[in-house]
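Participant: The structure's right below; bear with me while I get my questions together.
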Ligand code: MRU
């Protein structure tokens, strides 16, 4: 299932705010609307928003391709700034925009029309590489999953959160495809319900046994011995191994440690912020509290009550058993082993 792809000269995005009850694909050519789709979470998930931003830069270039070179470059700055302002936490967004900017710098001698073709290729490459990285992560991560294991996952780190296949769900898919008889508990993931709406949808569609639970049930399932491992995705990993991921991941990690259950994070190296020393520096997106006060448009909290809605939390590296990347599985000490990934 591809949530973001180029077709007939348009960017196609599956509307993830409507799943699982409606399957709608929107078409885009305006980079401003692509930026808004990221803000509105029509497309979401760290790798998927990186891929989308790459295409956003390409569509910006297409819009300004007939401008004089200096105007073109000024406009492209605006395009990149707008796309970078959409969501602050997932580093893949900034990574993809930087990659597009680097291509512009490397081809500064070219005319805008020529550059547009190069930017299109780069956006397509980012998309294709993301799928390959998910496949490679799946291959490495499946080794950590045993026959008959039951895995807990939080949020949606599936095909819908990437260009295809998924990170955490890619590992689960690869283990399933390898013939391991595994099953999954999916946390519903309040308040945006990515687990209930997207993870349960994806796994169910693929015939991978999945049981949906509310977030507050995870500890009790662990206590009863029903969970053998946790696998989640990530939005940004600091070079010491601290992991920002969907709010609630930290609680799951603490519970996993308390029950002696391995806590795995599956993420491509595009999710690693090699320049960031620790998770303390990660900016946590605060979202509209209407996501808490309303469920499916129905008000569930009193008018005027104070609310907070941090969209992500940071799990300290001490709580992470291993990080599964496309280059292999990384174990502690992360401050030594993560920087090595940059060179390999
Ligand atoms: O707010 P979202 O839905 O964009 O958050 C998504 C997550 O937190 C995912 O777990 C993360 O991006 C990894 S996706 C492969």
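A short reminder: the numbers here are calculations on the coordinates, not readings from a lab. Keep in mind that this is a model prediction, so the values were computed, not measured. Quick reminder, even Gly has a Cβ in these numbers, built from the backbone with ideal geometry, and neighbours come from all protein chains shown.
Participant: Does anyone have the angle between helix 46-63 and the longest principal axis of the chain? Alpha-carbon axes, 0 to 90°, nearest 10?
Facilitator: 10 degrees
Participant: Provide 115, 193 in ascending order of the number of other Cβ atoms located within 10 Å of each residue's Cβ, fewest first. Intermediate values should be presented prior to the final figure.
Facilitator: Working: 115 21, 193 18.
Ranked by crowding around the Cβ, least crowded first: 193, 115.
Participant: Got a sec? How would 329, 300 order by Cβ neighbour count within 10 Å, fewest to most? Walk me through the numbers before you get to the answer.
Facilitator: Numbers: 329 17, 300 9.
Least crowded to most crowded, the residues run 300, 329.
Participant: Roughly what would the spin-label model give for residue 275 and residue 23, points 7 Å off Cα along C-beta, in nm?
Facilitator: With each label placed 7 Å out from Cα toward Cβ, I get 4.1 nm.
Participant: Still on this structure: So for region 112-218, Kirkwood radius off the Cα pairs, Stokes-Einstein at 20 °C and 1.002 mPa s: how many µm² s⁻¹?
Facilitator: Values: Rh = 14.6 Å.
For the chosen part, D equals 146 µm²/s.
Participant: Here's another thing I want to ask about it. With the Cα gyration tensor of region 224-344 in hand, convert its eigenvalues to equivalent ellipsoid semi-axes via √(5λ) and list them largest first in whole Å. Please report the intermediate quantities before stating the final value.
Facilitator: On the way: eigenvalues 181, 66, 26 Å².
Gyration-tensor ellipsoid for region 224-344: 30, 18, 11 Å.
Participant: Could you work out the relative contact order of region 266-344? I mean the mean sequence separation of Cα pairs under 8 Å and 6+ apart, divided by the number of residues, in percent.
Facilitator: Numbers: 62 pairs, mean separation 27.6, N = 79.
Averaging sequence separation for qualifying contacts and normalising by length gives 35 percent for region 266-344.
Participant: In the Gaussian network model of the chain, springs joining C-alpha atoms below 10 Å, which of 232, 243, 116 carries the largest mean-square fluctuation?
Facilitator: Of 232, 243, 116, the Gaussian network model singles out 116 as fluctuating most.
Participant: Output the Kirkwood hydrodynamic radius of region 1-157, Cα pairs only, in Å rounded to one decimal.
Facilitator: Working: mean 1/r = 0.0603 Å⁻¹.
Answer for region 1-157: a Kirkwood hydrodynamic radius of 16.6 Å.
Participant: Could you give the spread of the C-alpha atoms of region 245-302 along their three principal axes, from largest to smallest, in whole angstroms?
Facilitator: 41, 32, 20
Participant: Let me ask something else. Could you state the angle between the C-alpha long axis of helix 69-84 and the longest principal axis of the C-alpha atoms of the chain, as a value from 0 to 90 degrees rounded to the nearest 10?
Facilitator: Around 20 degrees separate the two axes.
Participant: From the convex hull of the Cα coordinates of the chain, what is the mean projected area in square nanometres? Could the numbers behind the result be given before it?
Facilitator: Numbers: hull surface 70.7 nm².
Hull-based average projected area comes out at 17.7 nm².
Participant: Of 139, 32, 197, which has the largest mean-square fluctuation in a 10 Å C-alpha GNM of the chain?
Facilitator: Maximum among the listed residues: 32.
Participant: Specify the angular offset, from 0 to 90 degrees and rounded to the nearest 10, of the alpha carbon long axis of helix 334-343 from the longest principal axis of the alpha carbons in the chain.
Facilitator: 40 degrees
Participant: Kirkwood Rh, Cα Rg: Rg to Rh for region 300-344?
Facilitator: Values: Rg = 18.1 Å, Rh = 13.7 Å.
Using only Cα positions, Rg/Rh for region 300-344 is 1.32.
Participant: Using Cα pairs closer than 8 Å and at least 6 residues apart in sequence, work out the relative contact order for the chain, in percent.
Facilitator: Working: 708 pairs, mean separation 56.0, N = 344.
About 16 percent, as a whole number.
Participant: Which whole-number percent is the relative contact order of region 178-218 (Cα, under 8 Å, 6+ apart)? Walk me through the intermediate numbers first.
Facilitator: Numbers: 50 pairs, mean separation 19.5, N = 41.
Dividing the mean separation by the residue count of region 178-218 yields 48 percent.
Participant: If I histogram all Cα-Cα distances within region 36-125 using bins 10 Å wide from 0, what percent of pairs lands in each bin?
Facilitator: 19, 53, 24, 4
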